[in-house]
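The values are calculated or read from the model by the stated rules, or taken from the named source; none is laboratory data. All values derive from a computational prediction rather than experimental measurement. Quick reminder, even Gly has a Cβ in these numbers, built from the backbone with ideal geometry, and neighbours come from all protein chains shown. These accessible areas exclude ligands, DNA and RNA; they are computed on the full protein's heavy atoms, side chains included. Shrake-Rupley method; radii C 1.70, N 1.55, O 1.52, S 1.80 Å.
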Amino acid sequence: MRAGNFDAAFLAVGAHIGKRAFIPVGDAAHIMDAVSVLRSMEGEDKPMLGRRVVVYGGGNTAIDVARTAKRLGATETIIVYRRTREKMPAHDFEVEEALQEGVMIKWLSTIISVGEHNLAIEKMVLDEKGYPQPTGEFETMEADSLVLALGQDVDLSLLQSVAGLEIKDGTVQIGSNMMTGHPGIFAGGDMVPSERTVTTGVGHGKKAARHIDAWLRDRTYVPAAKHEPVIFNMLNPWYYSDAPKIMRPVLDAIRRQSGFEEVQGGLNENNALFEARRCLSCGNCFECDNCYGVCPDNAVIKLGHGKRFQINYDYCKGCGICVAECPCGAIKMVPEDAQ
Ligand SMILES: Cc1cc2nc3c(=O)[nH]c(=O)nc-3n(C[C@H](O)[C@H](O)[C@H](O)COP(=O)(O)OP(=O)(O)OC[C@H]3O[C@@H](n4cnc5c(N)ncnc54)[C@H](O)[C@@H]3O)c2cc1C
Ligand code: SF4
Ligand code: SF4
């Protein structure tokens, strides 16, 4: 940071090192890690996985790599997972799509050794806390390759010379302002303790930008107070008429297995704009003018476009019609002495 003459830096290097498992492995065993397999899909040389591919793990990465193996021509792709479907961290809809494409899943199983063309599996049972426990029952499975999808670690080597950083459970610890233990270095995304999703990472970037801006100005960023959550019975959804359900295109399971075409189509531009215009913006006035129109006492004052409204309490008799008619629950009645 000093060498580059920066006053602050935000780190978001992700978690890209595939976790290894302590499995006895024969010399000729063909073992890869899921992130490397998926990354190599971008290059010219596609990974050589063979005819029978076993994927070890139960998260979204395991599902992604198993579906990829199918598309690369594997005749059998089997996910080996130590717990049950209910306990699987992968999204349920992704598990369903993988099953539709012919991916098989061997539940309650752990891999205990790997040979050149086969691997040994032990059957597990879940204890009362939901943790898998060994049963002493073994079986052998044929496999040309084993892909490990057991989670990813952060590459901390880049941070070795940074003073003051606190590392715990393989992640960089941050304060509520997203700053690490080194003043001026902020961090977010997969490399800090968090739910590892795109939305969380994007949110961290936005939050960190605000804290960095405040830190550079020698201030503290305090987020604006949020209104209380608006629940369904505070809304008037009839404000917009019902719209036809949008059928998003879904590629059939057979075509999915032979290529990398998009499986689940998204909204097109027209659909997206149409739906956005129907947003009720729950709890936030979107200037529909309903309250202004329905108030029997002309107590609602328009402040102009983008400035919303004010209530003239000298005229308001507290009838509550505006509250009842507001489509998005943006008006709240409070007792006079609480104002
Ligand atoms: C296979 C797989 C499937 C996933 N599926 C989903 C999903 O369906 N939905 C979902 O929400 N999330 C999913 N995730 C998780 C999601 O991808 C991550 O949570 C998210 O990308 C994290 O964002 P990030 O910015 O922290 O890190 P990343 O997106 O990993 O970005 C880190 C960037 O830093 C770069 N970098 C690393 N080291 C250095 C360095 N030393 N110098 C310079 N640059 C560096 C990397 O090249 C990379 O571009 C999936 C992850 C994987 C692996
Ligand atoms: S409570 Fe009644 S009088 Fe007061 S602003 Fe609303 S509609 Fe008008
Ligand atoms: S407060 Fe509610 S009713 Fe009044 S303009 Fe805003 S959204 Fe419409």
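For the reader, a short list of remarks on this structure follows.
- Entry comment: accessible area of segment 1-90 is 55 Å² per residue, from protein heavy atoms only and a probe of 1.4 Å.
- Too-long pairs where the Cα-Cα distance tops 18 Å, listed order kept, from K226/K332; K70/K106; K19/K46; K106/K129; K168/K206; K168/K207: K19/K46; K106/K129; K168/K206; K168/K207
- Scalar couplings 3J(HN,Hα) for segment 203-214, obtained by applying the Karplus form with A = 6.51, B = -1.76, C = 1.60 to θ = phi - 60°, are x, 4, x, 5, 5, 5, 4, 5, 5, 5, 4, 5 Hz; x denotes Gly and Pro.
- Rounded to the nearest 20 debye, dipole of segment 232-338 from Cβ charges on Lys, Arg, Asp, Glu: 220
- Convex hull per residue volume in Å³, alpha carbons only, for segment 232-338: 156
- Ordered from largest to smallest accessible area (heavy atoms of protein chains, 1.4 Å probe), the residues C326, C316 come out as C316, C326.
- Between I321, H117, I78, the Cα set farthest toward the positive side of the dipole of the chain (charges on each charged residue's Cβ, about the Cα centre) is that of I321.
- The Cα center of segment 133-162 and the Cα center of segment 290-339 differ in position by 60 Å.
- Selection from V55, V35, G18, by position along the positive dipole direction of segment 1-87 (Cβ): V55
- Each peptide among 91-97, 183-189 gets the average number of other Cβ atoms lying within 10 Å of its residues, and from highest to lowest they stand as 183-189, 91-97.
- Interchain or long-range residues, amide H under 5 Å from V250's placed H: G265
- The accessible surface of segment 137-250, taken with every protein chain in place and a 1.4 Å probe, is 54 percent carbon and sulfur.
- Accessible surface, segment 161-216, averaged per residue in Å² (probe 1.4 Å): 53
- Sorted largest first by accessible area at a 1.4 angstrom probe radius, with every protein chain in place, the residues R67, R196 fall in the order R196, R67.
- Ranked packing of 267-277, 111-121, 49-59, 147-157, most packed first, by mean Cβ within 10 Å: 49-59, 147-157, 111-121, 267-277
- Summing charges over all other residues whose Cβ lies under 10 Å from the Cβ of G14, with Lys and Arg as +1 and Asp and Glu as -1, gives -1.
- DSSP-defined antiparallel bridges as percent of all bridges, the chain, nearest 5: 55
- Table column - 3J(HN,Hα) (Hz), segment 10-19, Karplus curve with 6.51, -1.76, 1.60, x for Gly and Pro: 10, 9, 8, 8, x, 9, 10, 9, x, 6
- Between the residues L216, G189, N177, the greatest Cα displacement towards the positive end of the dipole of segment 143-233, with unit charges on the Cβ of Lys, Arg, Asp and Glu, is found for L216.
- Entry comment: accessible area of segment 230-296 is 73 Å² per residue, from protein heavy atoms only and a probe of 1.4 Å.
- Using bins of 20 Å that start at zero, the share of Cα-Cα pairs per bin across the chain amounts to 21, 39, 32, 8, 0, in whole %.
- Cβ-based net charge around T68, under 14 Å, with every Lys or Arg adding one and every Asp or Glu removing one: -1
- With K and R counted +1 and D and E -1, the other residues having a Cβ less than 11 Å from that of T110 yield a net charge of +3.
- Size of charge dipole - segment 1-119 - debye, nearest 20, with Cβ of Lys, Arg +1 and Asp, Glu -1, no other charges: 320
- For S145, the residues whose amide H sits under 5 Å from its own are R52, V54, ignoring neighbours fewer than 5 places away on the same chain, with H placed 1.01 Å from N.
- In a reduced charge model with +1 at each Lys and Arg Cβ and -1 at each Asp and Glu Cβ, segment 48-198 shows a dipole moment near 60 debye about its Cα centre.
- Over all orientations, segment 161-216 has a Cα convex hull whose mean projected area works out to 3.8 square nanometres.
- Between the alpha-carbon centres of segment 260-277 and segment 28-55 there is a gap of 32 Å.
- For segment 1-128, the calculated P(r) over all alpha carbon pairs, in 10 Å bins from 0 to the bin holding the longest distance, is 11, 37, 32, 10, 7, 3 percent.
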